[in-house]
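The values are calculated or read from the model by the stated rules, or taken from the named source; none is laboratory data. Quantities reported herein were computed from a predicted structural model and do not represent experimental measurements. The protein model used for the area step is the full one, side chains on, heavy atoms only, and it has no ligands, DNA or RNA in it. Shrake-Rupley method; radii C 1.70, N 1.55, O 1.52, S 1.80 Å.
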Amino acid sequence: MKPAVNRTLDAYLRHGAAVKGFIRKRVANLEDAEDILQNVFHNLAKLEQDPEPIGSITAWLYRVATNQIIDFRRKKREERMPRIASYEDGEFSMRDLTLFLMDEEGDPETALVRSAVWTELEEALAELPPRQRTVFELNELQGISFNEISESTGIPVNTLISRKRYAVLHLRERLAEIYGNINE
């Protein structure tokens with residue numbers, strides 16, 4: 001059996017970049033994302049001293065990362081009503097929309113707006129061809145990298161990127177009005 005430090009280092013080398021990418025999609029500031037990543041692997045190092053094994057290290061890392069992001073957001077409320085940042089020339093960033101939807105903080109007004117956006121997004125996603133919808137949901141909403149999706153499905157990365165691009169174009173057009181209303 002490997003010492004806890006070596007197992008944690010192995011996990012970091014194997015999963016660190018993907019977990020960091022997952023966190024970066026949800027945390028705007030690089031330093032904050034790195035702090036969260038450090039906390040995730042610190043928790044792993046502490047847990048590795050416990051004789052109880054972790055079933056799936058990958059699932060555990062993403063679950064802890066999600067919990068750390070939620071804790072971070074609870075501690076750092078920057079705005080009362082979040083704005084979706086980069087709305088220019090009728091275009092918006094799917095990353096900004098995802099961050100807005102995944103943020104569990106806010107007052108009742110924000111929760112109401114978020115609920116309306118989720119409803120619109122679900123309707124817009126239902127209009128997509130299944131292949132485009134699946135890639136969008138896996139990559140954007142679940143934070144799974146194109147490489148990981150490709151490995152599990154056997155679909156080339158470039159095909160996945162193309163499918164997501166078509167999905168994003170459709171969603172931008174379909175959600176532009178509600179997105180504009182949020183930023184007013």
For residue 127, solvent-accessible area (1.4 Å; no DNA, RNA or ligand), Å²: 100
How big is the accessible area of residue 46 in square angstrom, nearest 10, if you roll a 1.4 angstrom probe over the protein chains? 110
At 1.4 Å probe size, put 141, 175 in order of accessible surface, largest to smallest. 141, 175
Order 115, 152, 145 by their accessible area, 1.4 angstrom probe, all chains in place, largest first. 152, 115, 145
Arrange the residues 173, 148, 31 by how much accessible surface each exposes, largest first, with a 1.4 angstrom probe. 173, 31, 148
